[in-house]
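Take a look at the structure set out below.
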Amino acid sequence: MPKAFDLVVRNAHVATASDTFRSDIGIKDGVVVHLGLSLPEGERELDANGRVVTPGGVDGHCHLDQVIPPPARMADDFFSGTKSAACGGTTTVIPFAAQQKGASLRAAVEEYHRRAEGRATVDYGFHLIVVDPTADVVAKELPQLIEEGYTSFKIYMTYDDLKLNDRQMLDVLAAARRHGAMTLVHAENSECIGWLTESLVNNGLTAPRYHANARPMLVEREATHRAISFAELVDVPILIVHVSGREAVEQIQWARNRGMNILAETCPQYLFLTAEDLGIDDSYQGAKCVCSPPPRDSANQSVIWRGLADGTFSILSSDHAPFSFDDEAGKHPNGEQVAFPYIPNGIPGLETRLPLLYTEGVLEGRISLNRFVELTATNPAKLYGLHPRKGTIAIGADADLVIWDEVERTLTNDMLHHAVDYTPYEGRRIRAWPAFTLCRGRVVWDGKEFTGTAGEGKFLRRGLPTLRR
Ligand code: DUC
Ligand code: ZN
Ligand code: ZN
C-alpha cells in the first residue's frame with residue numbers, strides 16, 4: 001500500500017504569521033496536505049525534534065544576473081543565487097527583469113527567463129524594471145505582462161541609466177492603478193546626489209566613505225515625499241523600497257496618518273551596518289558596503305527596528321546585489337580602486353537575511369516569531385500575489401519549510417554559497433541557521449550541504465497584490 005504522505009515532518013513547533021502550534025506536517029506531491037499530531041508514517045520521515053518550523057522565506061527584492069553597464073557584472077547567476085537562498089532558508093525569490101532603454105519589456109522578460117531556466121533551484125518570479133515607459137509600453141506591454149503574472153514593477157528616481165522623470169513616474173503609477181499592480185519605488189533625489197558628488201570629487205574626496213556624504217538622508221526624504229505625493233495624485237498604493245532611516249520613515253508615517261496606503265520595505269543592511277562600514281578612513285575596504293541608500297548610524301538602526309516591530313514596515317528583503325570585492329567586474333572595476341561614484345552599488349545578503357533577523361530580532365526579543373514570519377514570508381507573498389501558495393504553512397500551501405537550528409556560530413563567508421568573495425557580516429555571532437530547508441517538499445539544504453538541483457526551481461505566474469498596509 002502506498003503511504004498517504006511522501007514526507008512527514010514530525011514534532012514541529014510551527015510558526016505562521018498569526019499562530020504558533022505543535023504539529024506534524026504531512027506532505028504529498030510537494031504540498032502540505034495534513035497538519036495534526038500522530039500522523040501515520042510517510043515514505044520519508046524528518047524529525048523536527050521540537051524545533052521551530054517556519055514557512056520558507058520569500059525574498060521580494062534581490063538582483064540576480066542582472067544586465068548592467070560593463071565592466072560590472074553580477075557575481076551570482078540564477079544557480080548560485082538561488083542555491084545561496086536555499087541554504088539560508090529562502091525558498092522563493094523575486095529578482096528583476098530589467099528593461100533596456102529603447103527595447104521592449106517583453107524582450108527583458110524573455111531574456112531573464114533564458115537566464116533563470118534550468119538554473120534556478122528554488123521558485124522564482126520577476127518584477128519588471130521600467131526604464132523606458134513609452135506610450136506603447138504603458139498602454140499595451142504593461143497590461144499584457146501584468147495579466148501574465150508580472151504583477152509588480154520597480155521604478156527609479158536616481159541612477160542615470162534607470163531613472164524616470166516625474167511625468168514618466170505618473171504614467172507608470174496610473175498604469176499600476178488601472179491594472180491593480182504594485183509599484184516599487186527607489187526613492188533618492190538624483191539631482192541632489194549629482195550635485196553633491198561633483199563637489200566631493202572636485203575636492204578630492206573620492207574614497208568609498210564619501211558615498212554616504214553624496215547620499216544623505218535628505219535626498220531619500222525628498223524623493224520619498226515626492227513619490228508619496230504622486231501616489232496620492234494618482235490614488236494608488238506604492239511600496240517604498242530599501243528604507244534606510246528616520247527621515248524616510250517620517251514621510252511614510254505622515255502619509256499613513258493621512259490615510260494613504262503607502263507600504264514600506266527595509267533590508268538587513270539598515271539594521272546591521274552603519275556609514276562607518278564604508279570606512280572611517282580612506283581605506284578601499286569600505287567599497288564592500290557601498291549600496292544605495294547607504295547605511296546610516298546606530299540611532300537610525302533603532303528607528304528601523306522600531307518600524308519592524310510597530311508595523312511601519314510590511315516586508316524585510318535582502319536587496320542582494322552581488323559584486324565580488326577582488327574582481328574586475330565587481331568592486332574593483334577593471335582591476336582599479338576607483339572613486340566612489342564608479343563603485344558598483346550593492347551588497348550580498350540573500351543567505352544571511354533570515355538568520356540575522358531571527359538572531360537579532362526574534363532571539364533578542366525585538367520582534368515576535370510570528371512577526372518574523374510575517375515580514376520575511378507571509379507579507380511578501382501577499383504583496384506579490386503568491387499567497388496562500390507561498391508564505392505560510394497551511395493545508396494546500398507549497399511545502400516550503402525551514403526547520404531552525406538555534407545554535408551559536410560565527411558567520412564567515414566560507415559558510416555561504418553565493419559566488420561573492422565576501423560578506424559584510426564577517427565575524428558576527430549568530431544564534432540561528434536552517435537545519436533543513438524544504439522547497440515543495442524536497443530537502444534543498446540539510447544543515448551541511450546544498451542538496452537541491454539546478455532547474456528544479458519553477459517560474460511563478462503571480463496574481464495581483466493582496467496586501468494592504
Ligand atoms: N541599490 C539598489 O537600488 N539596487 C541594487 C543595489 C543597491 O545598492
Ligand atoms: Zn533600489
Ligand atoms: Zn535593489
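Filter the stretch 258-303 down to residues that are within 16 Å of ligand 2 (Cβ to nearest atom), touching a residue at least 60 places away in the same chain (Cβ under 8 Å) and β-branched (Val, Ile, Thr), then give me how many there are.
Going through the stretch 258-303 one residue at a time, the tally reaches 1.
Keeping to the stretch 352-385, report how many residues are closer than 26 Å to residue 303 by Cβ and assigned to a loop (DSSP other than H, G, I, E, B).
Of the residues in the stretch 352-385, 7 are closer than 26 Å to residue 303 by Cβ and assigned to a loop (DSSP other than H, G, I, E, B).
For residues that are outside any helix (DSSP H, G or I) and more than 17 Å from the chain's Cα centre (by Cα), scanning just the stretch 291-305, find the one that is surrounded by the fewest Cβ atoms within 10 Å (Cβ to Cβ).
297
If only one of 207, 139 is surrounded by fewer than 22 Cβ atoms within 10 Å (Cβ to Cβ) and touching a Gly at 6+ places or on another chain (Cβ under 9 Å), which one is it?
Among 207, 139, only 207 is surrounded by fewer than 22 Cβ atoms within 10 Å (Cβ to Cβ) and touching a Gly at 6+ places or on another chain (Cβ under 9 Å).
Take residues that are within 30 Å of residue 109 (Cα to Cα) and tell me which of the strands (runs of 3 or more DSSP E) falling wholly in the stretch 1-72 contain 2 or more.
Once the strands (runs of 3 or more DSSP E) in the stretch 1-72 are filtered for at least 2 residues that are within 30 Å of residue 109 (Cα to Cα), what remains is 57-59.
Would it be correct to say that residue 467 is on the phi < 0 side of the Ramachandran plot, at pLDDT below 95 and buried (at least 19 other Cβ atoms within 10 Å of the Cβ)?
yes
List every residue pair whose Cβ atoms sit under 8 Å apart, with the two residues 6 or more apart in sequence or on different chains, where the first one lies in the stretch 396-412 and is at pLDDT 95 or above and the second, anywhere, is among the acidic types (Asp, Glu).
398/123; 400/123; 411/426; 412/426
Just to check your reading of the model, which residue among 198, 141 is among the acidic types (Asp, Glu) and either without any contact (Cβ under 8 Å) to a residue 24 or more places away in the chain or within 16 Å of ligand 3 (Cβ to nearest atom) (or both)?
198
For the stretch 254-290, which residues satisfy the criterion of being part of a helix (DSSP H, G or I), under 19 Å from residue 331 (Cβ atoms) and charged (D, E, K, R)?
Passing the criteria: 276, 277, 288.
In the stretch 73-96, how many residues are assigned to a loop (DSSP other than H, G, I, E, B) and within 16 Å of ligand 2 (Cβ to nearest atom)?
3
Scan the stretch 363-377 and tell me whether some residue there is touching a His at 6+ places or on another chain (Cβ under 8 Å), of a type outside the set (Val, Ile, Thr) and at negative phi.
no
Kindly list the number of the only condition in (1) over 16 Å from the mean Cα position of the chain (by Cα); (2) farther than 21 Å from residue 453 by Cα that fails for residue 66.
Unmet condition: (1).
Within the bounds of the stretch 62-72, is there any residue that is more than 30 Å from residue 9 (Cα to Cα) and more than 14 Å from ligand 1 (Cβ to nearest atom)?
Looking for residues that are more than 30 Å from residue 9 (Cα to Cα) and more than 14 Å from ligand 1 (Cβ to nearest atom), one finds at least one in the stretch 62-72, hence yes.
Determine whether residue 308 is assigned to a strand (DSSP E or B), at pLDDT 95 or above and under 25 Å from residue 153 (Cα atoms).
Judged against the criteria, residue 308 is not a match.
The values are calculated or read from the model by the stated rules, or taken from the named source; none is laboratory data. None of the values given here were measured: they were computed from a predicted structure. Cβ atoms come from the backbone with ideal geometry, glycine included; neighbour counts cover every protein chain shown.
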